[in-house]
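Novice: Pasting a structure here, questions to come.
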Amino acid sequence: MATAPPIARFTLASVRLSKFISAAALALVAGAAAYGETPQKVVSMNVCTDQLAMLLAGEGQLHSLSSLAVDPRISGMVEEARAFHINSARAEEIYLMKPDLVLTGTYTARASVEMLERLGLRVVRFAPANSLADVPLRLREMGAVLGREARAAELVAAFEAGLARLKDNAPEQRPRALSYAANGYTSGAHTLPDEMIVAAGFINVASEFGIDYGGRMPLELLAMSAPDLVMSSTPYAGASRAEEVPQHPVVRAVTGGGPPVSMVSRDWSCGTPLVLRAIDELAAKRKALFP
């Protein structure tokens, strides 16, 4: 087998050593930031970390939020978000802000997140909430990252008290509800929306029909399931055929001739204390329709 000449072997070894030293330097930078003082300039790239950070950050600690933070269809804290700089989740833009902490979701802008990590910035990823039990966990995680553990404990206590109140007021006879979004998508068992529907005093039809996590429910199955209430989000402007599905005549037949009940979706998507507001809204709808 042919071998590389001595100079080539030396060059190759030097390149490898250089890469090792660079990686070690980046690790030291990240480690120093992770165990250093409380972060003073925090940037969020994800709509859920946006809201958690706004709820927990100290005065002047939070610098920038994602563009979705000011979208009223998705964010539950639009007015609060207007006080911050808005970013587009681009690595170059965020790096030039010189943050000492970047917050993001597990699946958010992966290319940008990986680039920021290679540049030596401290990035903390937050997993999405899949249950009501995840809400206190996310609050505590964010509190620890921001050095705001006491504030997190206050919010956790208030959330758990609010959730206990909802459970105490749950009806004995539960009507059946179904969330039916664009393209016939619904949320079944093992999801945050499923637990929210149950907390509001309903049975989730999707779970009842054996749908785990999320998936499409055919119109035929929807008609056979005969839910007492069909919920959908407010359609986006435009002509998306996927968003025409919840307006299909079959859905209108199930709902007594009208469209699905429009429930504000902004408080449903993230595991924050704002889910209590969504549950209260749905519970009020239940009481009005099924006294």
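The values are calculated or read from the model by the stated rules, or taken from the named source; none is laboratory data. Small disclaimer: the values here were computed from a predicted structure and weren't measured. Using ideal geometry, Cβ is built from the backbone for each residue, glycine included, and neighbour counts are taken over all protein chains shown. Please note that ligands, DNA and RNA were not included when accessible areas were found on the heavy atoms of the full protein model with its side chains. Shrake-Rupley method; radii C 1.70, N 1.55, O 1.52, S 1.80 Å.
Novice: Taking N as the number of residues in segment 40-111, what value does Rg over Cα atoms divided by 2.2 N^0.38 Å take? The partial results should precede the final answer.
Specialist: Numbers: Rg = 11.0 Å, N = 72, 2.2 N^0.38 = 11.2 Å.
Against the empirical 2.2 N^0.38 Å value, I get 0.98 for segment 40-111.
Novice: Let me ask something additional. Say the dipole of the chain comes from +1 at the beta carbon of Lys and Arg and -1 at that of Asp and Glu; which of Ala161, Tyr180, Thr106 then lies farthest toward its positive end?
Specialist: Thr106
Novice: So, one more: Which order do the peptides 128-139, 200-211 take when ranked by the mean count of other beta-carbon atoms within 10 Å per residue, highest first? Please list the in-between numbers first.
Specialist: On the way: 128-139: 18.7, 200-211: 20.7.
Taking the mean over residues of other Cβ atoms within 10 Å, the ranking is 200-211, 128-139.
Novice: Show me 89-96, 284-291, 100-107 ranked by packing, highest mean number of other Cβ atoms within 10 Å first. Let's see the in-between values first.
Specialist: On the way: 89-96: 16.4, 284-291: 12.6, 100-107: 20.2.
Final packing ranking: 100-107, 89-96, 284-291.
Novice: Find the Rg to Rh ratio for segment 170-291, where Rh is the Kirkwood radius over alpha-carbon pairs and Rg uses the same atoms. Mind dumping the intermediate values first?
Specialist: Numbers: Rg = 13.4 Å, Rh = 14.4 Å.
Value, to two decimals: 0.93.
Novice: When the accessible area of the chain is split by element with a 1.4 Å probe, what percent falls to carbon and sulfur? Show your work: numbers first, answer last.
Specialist: Working: 8980 of 15300 Å².
Heavy-atom surface of the chain belonging to carbon and sulfur, 1.4 Å probe: 59 percent.
Novice: While we're here: Of all alpha-carbon pairs in segment 65-202, indicate the percentage at a distance above 25 angstrom.
Specialist: 43
Novice: While we're on this one: Using a Förster radius of 30 Å, what is the FRET efficiency between Ala83 and Ala150 based on their Cβ-Cβ separation? Nearest 0.05, please.
Specialist: Values: r = 23 Å, r/R0 = 0.75.
E between Ala83 and Ala150, to the nearest 0.05, is 0.85.
Novice: How much net charge surrounds His85 when only the other residues with a Cβ under 13 Å from the Cβ of His85 are counted, with Lys and Arg +1 and Asp and Glu -1?
Specialist: On the way: positive: Lys41, Arg82, Lys98; negative: Asp50, Glu93.
That sum, taken over residues with Cβ under 13 Å, equals +1.
Novice: Describe numerically, in nm with one decimal, the distance between label points set 7 Å from Cα along Cα→Cβ at Glu172 and at Phe209.
Specialist: Once both label points are built, they end up 3.0 nm from each other.
Novice: Follow-up. Using a 1.4 angstrom probe, figure out how much accessible area the chain has per residue, in square angstrom, rounded to the nearest whole. Working shown, then result.
Specialist: Working: 15300 Å² over 291 residues.
So the chain comes to 53 Å² accessible per residue, rounded to a whole number.
Novice: I would also like to ask the following. Sum -39500 (n - 2.57) across every DSSP H segment of at least 4 residues in the chain, then divide by the residue count to get the 222 nm mean residue ellipticity, nearest 500. Let's see the in-between values first.
Specialist: Values: 12 runs with 131 residues, N = 291.
For the chain, the value works out to -13500 deg cm²/dmol.
Novice: Cα atoms only: what Rg and Dmax, in Å, come out for the chain?
Specialist: 23.7, 86
Novice: Between Met224 and Tyr107, what is 0.36 nm times their sequence separation minus the Cα-Cα distance? Round to one decimal in nm.
Specialist: Numbers: separation 117, 0.36 × 117 = 42.12 nm, distance 3.55 nm.
Here the answer is 38.6 nm.
Novice: Right, here's the next one. Count the DSSP beta bridges whose two residues both fall in the chain, then state the antiparallel fraction as a percent rounded to the nearest 5. Could the numbers behind the result be given before it?
Specialist: Values: 3 of 23 bridges.
Approximately 15 percent, going by the DSSP bridge assignments.
Novice: How big is the charge dipole of the chain about its Cα centre, in debye rounded to the nearest 20, if each Lys and Arg gets +1 on its Cβ and each Asp and Glu gets -1 on its Cβ?
Specialist: Values: 28 positive and 29 negative charges, 139 e Å.
Once rounded to the nearest 20, the dipole reads 660 debye.
Novice: Using the Cα atoms as the points, what is the convex hull volume per residue of segment 168-239 in Å³?
Specialist: Numbers: hull volume 7.1 nm³, N = 72.
Dividing the Cα hull volume of segment 168-239 by its residue count gives 99 Å³.
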